[in-house]
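K.L.:
So that we are looking at the same thing, I have put the structure below in structure tokens.
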């Protein structure tokens, strides 16, 4: 299953990365974080009886050197028929600090499968096109037309909108983790900012004190399908330094809840004035 930014499935979340150049936002914080995943028991989940897992996320770099991210999502699910189904998705990526280029490698392991890989380099061709050079599983080149944001670039724009007190942001966003030609239409709804320390993610409390955070909901639609139900919806707490707190991923048939269980700030690269 995809997980973003992408936020973490890329969505990278890909978790999502932020740029130090975003208006009104604090510099991006290099860090590691772990999130424990459980099935949302407050809603029907069809034949899915149980699902749990974890997401490990790491981000380093800055707006000058670009951002390097690593996301690994492991899950185990059971439908009550047969044994549990295990899956692990690992995404490693790097994105230029100005959103001009992006490269990534995504590996999916399911059961005894050794792992299917997707690897590609993405280059911006002017403002209205992306060139995707796929190296795995089969070499090919894809041209994507339109004003399409890269994963980090998308979050920069969301944070800039939040700092400007805007509540809605729409954009096309590239997400090649499961398909190197994949583009989503997204609708982001940004809630009111807060600095309420009682609501801070507990493992990161010492680091996050004094930082502003926003409740954010991002709906991902198939291209041209904004009039239909979204493919999935991510809701999460987004801090102004790029840290993601609690989250929820709603796939329609079921939803997963993610609670931060571990956090470690990393030393900043330093020397970047952007």
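K.L.:
Order of 175, 165 from fewest to most other C-beta atoms within 10 Å? Intermediate results must be reported in sequence, preceding the final value.
P.N.:
Working: 175 25, 165 10.
By the 10 Å Cβ count, ascending: 165, 175.
K.L.:
With contacts defined as alpha carbon pairs under 8 Å and 6 or more residues apart, what's the relative contact order of the stretch 148-264 in percent?
P.N.:
On the way: 214 pairs, mean separation 21.3, N = 117.
Averaging sequence separation for qualifying contacts and normalising by length gives 18 percent for the stretch 148-264.
K.L.:
So for 106, 101, 273, fewest C-beta neighbours within 10 Å to most, what's the order? Spell out each step's value before the answer.
P.N.:
Numbers: 106 27, 101 16, 273 8.
In increasing order of surrounding Cβ atoms, one gets 273, 101, 106.
K.L.:
Counting just the Cα atoms, what span does the stretch 195-240 cover along each of its three principal axes? Round to the nearest Å and put the largest first.
P.N.:
That works out to 43, 16, 14 Å along the principal axes.
K.L.:
Go ahead and estimate [θ] at 222 nm for the chain from helices alone: -39,500 (n - 2.57) per DSSP H run with n ≥ 4, summed, over the residue count, rounded to 500. Before the final figure, lay out each step's value.
P.N.:
Working: 2 runs with 17 residues, N = 274.
Using -39500 (n - 2.57) per qualifying helix, the result is -1500 deg cm²/dmol.
K.L.:
Per residue and in Å³, how big is the convex hull formed by the alpha-carbon atoms of the chain?
P.N.:
Numbers: hull volume 35.8 nm³, N = 274.
Looking at the chain, the number lands at 131 Å³ per residue.
K.L.:
Once fully extended, how much extra length lies between residue 127 and residue 269, figured as 0.36 nm per residue of separation less the alpha-carbon to alpha-carbon distance? Please list the in-between numbers first.
P.N.:
Values: separation 142, 0.36 × 142 = 51.12 nm, distance 2.92 nm.
Between residue 127 and residue 269, full extension yields an extra 48.2 nm.
K.L.:
Averaging sequence separations of C-alpha pairs under 8 Å and six or more residues apart, then dividing by the length of the stretch 60-128, give the relative contact order as a whole percent. Write out the running numbers ahead of the final one.
P.N.:
On the way: 127 pairs, mean separation 17.3, N = 69.
For the stretch 60-128, the relative contact order is 25 percent.
K.L.:
Ratio of Rg to Rh for the stretch 135-181, alpha carbon only, Kirkwood? Can you show the working numbers first?
P.N.:
Details: Rg = 14.0 Å, Rh = 12.5 Å.
That ratio is 1.12, to two decimals.
K.L.:
Looking at the calculated P(r) for the stretch 122-162, what percent of the C-alpha pair distances fall above 14 Å?
P.N.:
Everything past 14 Å amounts to 55 percent.
K.L.:
Continuing with this model, one more query. For the stretch 103-184, count the residues as N, evaluate 2.2 N^0.38 Å, and divide the Cα radius of gyration by that value, please. Write down the numbers at each step before the final one.
P.N.:
Working: Rg = 15.1 Å, N = 82, 2.2 N^0.38 = 11.7 Å.
Relative to the 2.2 N^0.38 Å estimate, the stretch 103-184 comes out at 1.28.
Where a number appears in this text, it was derived from the coordinates with a stated rule and is not lab data. What you are looking at is a predicted structure, and each value in this text was computed from that prediction instead of being measured. When we count neighbours, we look across all protein chains shown, and the Cβ atoms used for this are built from the backbone with ideal geometry, even at glycine.
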